[in-house]
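The values are calculated or read from the model by the stated rules, or taken from the named source; none is laboratory data. Quick caveat, the model's predicted, so the values are computed rather than measured. We place every Cβ from the backbone using ideal geometry, glycine too, and count neighbours over all the protein chains shown. Heads up: the accessible areas ignore ligands, DNA and RNA and are worked out on the full protein's heavy atoms, side chains in. Shrake-Rupley method; radii C 1.70, N 1.55, O 1.52, S 1.80 Å.
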Amino acid sequence: MGAVDGRSGLAGPVRGPADVVRFARAALGAWYSERAAVVVIGLDAASRVTGLAENRQRWTPRSLTVREMVDLSAELAARAVVLVQLVPNLRREPSIADAQSFRMLATKCASEGALLVDCVVVSGERWWSLGRLLSERAAAN
């Protein structure tokens, strides 16, 4: 995964998934909606972006390791990180299994000191927050 400067695209704090999507679109430019990738966005204590890293070879939360997330969190000088999963032409909403994979990674990362706060799945103009999907599922039960 390669880290790049993420200072463009969002001046204020990241307050939710819509801000994450807005930042990713601005920071990644033209290839944003055309490529499969996972983008890791670092956030400081005030929820401002500290930087981002992208991975075009492995592009699901299942393909990321805890060690990689801990190292990226440190490299980005982040208090917390958010994943953005770019999936061109996704024909369905993310499944609960997708959300549970994210939760499993987030739980393992937390035990190693890296706070993974959400995974936002983006396909073209559509997006979904896996964190929100998990919250809604829990509230329904």
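Label positions at Ala74 and Ser47, each projected 7 Å from the Cα along the C-beta direction, are separated by 2.8 nm.
Per-atom-type breakdown for segment 64-141 gives carbon and sulfur 51% of the accessible area (1.4 Å probe, protein chains only).
Counting only protein heavy atoms and a 1.4 Å probe, the chain has 51 square angstrom of accessible area per residue. Among residues other than Cys109 with Cβ under 15 Å from its Cβ, the summed charge is 0 (Lys and Arg +1, Asp and Glu -1).
Students often check this: by mean Cβ neighbours within 10 Å, which of 81-90, 46-55, 61-70 ranks highest, and how do the rest follow?
81-90, 46-55, 61-70
How big, in percent, is the set of alpha carbon pairs in the chain lying more than 28 Å apart? Roughly 9 percent, rounded to a whole number.
Given only helices, namely DSSP H runs of n ≥ 4 each adding -39500 (n - 2.57), what is the per-residue ellipticity at 222 nm of the chain, to the nearest 500 deg cm²/dmol?
Rounded to the nearest 500, it is -11000 deg cm²/dmol.
In order along segment 40-47, the phi-based Karplus estimate (6.51 cos²θ - 1.76 cosθ + 1.60, θ = phi - 60°) of 3J(HN,Hα) comes to 10, 10, x, 10, 8, 4, 9, 6 Hz; Gly and Pro are listed as x. Using only Cα coordinates, the Kirkwood hydrodynamic radius of segment 94-141 works out to 11.3 Å.
Coordinate range of the alpha-carbon atoms in segment 59-120 per principal axis, descending: 35, 19, 17 Å.
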